[in-house]
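I have a structure here, written as structure tokens, and I will follow up with some questions on it.
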């Protein structure tokens, strides 16, 4: 992987991680387009640079994450992340197989896009406008929605958790923010697991040059993710999900065309 390729992937990750358009789909299709081979390091790279996106969330919402007097906030995140950790461990083979199937990812992108065209009509009467009002039971249900993004690569973790939040009567803003918060333990666990697997099985790829690529890419991802986080809340409140639905459908169709033409 060259530094240019690393920066391109970092920008893609930063742009898509917190939008309901699936960072997984964008990364999996960007890799072959820019000539990045599927190697143990590239797989680790995709997950570990998410740590920079995690840091962006923590920085933007630092008052929330470092207010240790609010124990309930941390308890809710722990409860919400449990389903993903359990199903991620139990269904690892299924997940790995699905992640390697670009056709499945493209179809899920399109299907999710069609869903988004109508989703705003389904949640018209939200009553929860702040994370403080989310019960532990509701947090667990939102965590179960997150499992859908594990089972269906291309659905989008943020999309699944935002929809989960809205199903629990949260406003778009509150649901999006809770999705950001939940990303921290979820992505931290995924990144740590990926790094450990590579260390055990392919530690030879952990070279000085590769660490340099990870460092540069992480800085780029961090900066882009902060911009996206600040932009997305206001945009979602004003425009809803429909625009993302059209985007997903178009991108999914382009992906299918590229697969059909054997370009990727």
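Compute the helix-to-body angle for 3-16: its Cα long axis versus the longest principal axis of the chain, expressed 0 to 90° and rounded to tens.
20
Okay, helix-only estimate at 222 nm for the chain: each DSSP H run of n ≥ 4 adds -39500 (n - 2.57), divide by all residues, round to 500 deg cm²/dmol; what do you get? Present the calculation step by step, with values, prior to reporting the outcome.
On the way: 13 runs with 207 residues, N = 264.
About -26000 deg cm²/dmol.
Once R0 is set to 22 Å, what does the formula 1/(1 + (r/R0)^6) return for the Cβ-Cβ distance between residue 199 and residue 264, expressed as a FRET efficiency to the nearest 0.05? Please report the intermediate quantities before stating the final value.
Values: r = 30 Å, r/R0 = 1.34.
So the FRET efficiency works out to roughly 0.15.
Given the range 3-260 reduced to its alpha-carbon atoms as identical point scatterers, what log10 I(q)/I(0) does the Debye formula return at q = 0.08, 0.12 Å⁻¹?
-0.29, -0.68
Would you mind computing, in nm to one decimal, how far apart the modelled labels at residue 95 and residue 118 are, each placed 7 Å from Cα along Cα→Cβ?
Placing both labels 7 Å beyond Cα along the Cβ direction yields 3.0 nm.
Take residue 207 and residue 242, extend 7 Å from each Cα along the Cα→Cβ direction, and tell me the distance between the two endpoints in nm.
So the label points at residue 207 and residue 242 sit 5.2 nm apart.
Would you give the gap between the C-alpha center of the range 47-73 and the C-alpha center of the range 88-141, rounded to a whole Å?
21
Taking a ≥ b ≥ c as the square roots of the Cα gyration tensor eigenvalues, with a/c under 1.5 meaning rounded and otherwise prolate when a/b beats b/c, else oblate, which class fits the range 1-142? Don't skip to the end; give the middle numbers.
On the way: a/c = 1.82, a/b = 1.46, b/c = 1.25.
In terms of gyration-tensor shape, prolate.
For residue 66 and residue 135, calculate 0.36 nm times their separation in residues minus their Cα-Cα distance, and state this gained length in nm to one decimal. Walk me through the intermediate numbers first.
On the way: separation 69, 0.36 × 69 = 24.84 nm, distance 2.05 nm.
Full extension from residue 66 to residue 135 adds 22.8 nm.
If you don't mind, another one. Would you kindly state how much longer the chain becomes between residue 250 and residue 58 on full extension, computed as 0.36 nm times their sequence separation minus their alpha carbon distance, in nm to one decimal?
On the way: separation 192, 0.36 × 192 = 69.12 nm, distance 3.22 nm.
Result: 65.9 nm gained on full extension.
Against the longest principal axis of the chain, how steep is helix 23-34, in degrees 0 to 90 to the nearest 10, with axes from Cα atoms?
Compared with the principal axis, the helix lies near 20 degrees.
Given C-alpha coordinates of the range 122-200, what is the ratio Rg to Rh with the Kirkwood estimate of Rh? Provide the component values of the computation, followed by the final result.
On the way: Rg = 13.8 Å, Rh = 13.1 Å.
Computed over Cα atoms, the ratio is 1.05.
Right, next: Return the single residue from 121, 157, 172 with maximal mean-square fluctuation; model: Gaussian network over the chain, springs between Cα atoms under 10 Å.
In this elastic network of the chain, the residue with the biggest mean-square fluctuation among 121, 157, 172 is 121.
In whole angstrom, how far apart do the alpha carbon centroids of the range 1-27 and the range 172-210 sit?
14
Against the longest principal axis of the chain, how steep is helix 50-60, in degrees 0 to 90 to the nearest 10, with axes from Cα atoms?
Around 40 degrees separate the two axes.
Bear in mind that the values in this text are calculations on the coordinates, not laboratory data. These figures come from a predicted structure and were not determined experimentally. Because the Cβ atoms are built from the backbone with ideal geometry, glycine has one as well, and the counts that use them run over all protein chains shown.
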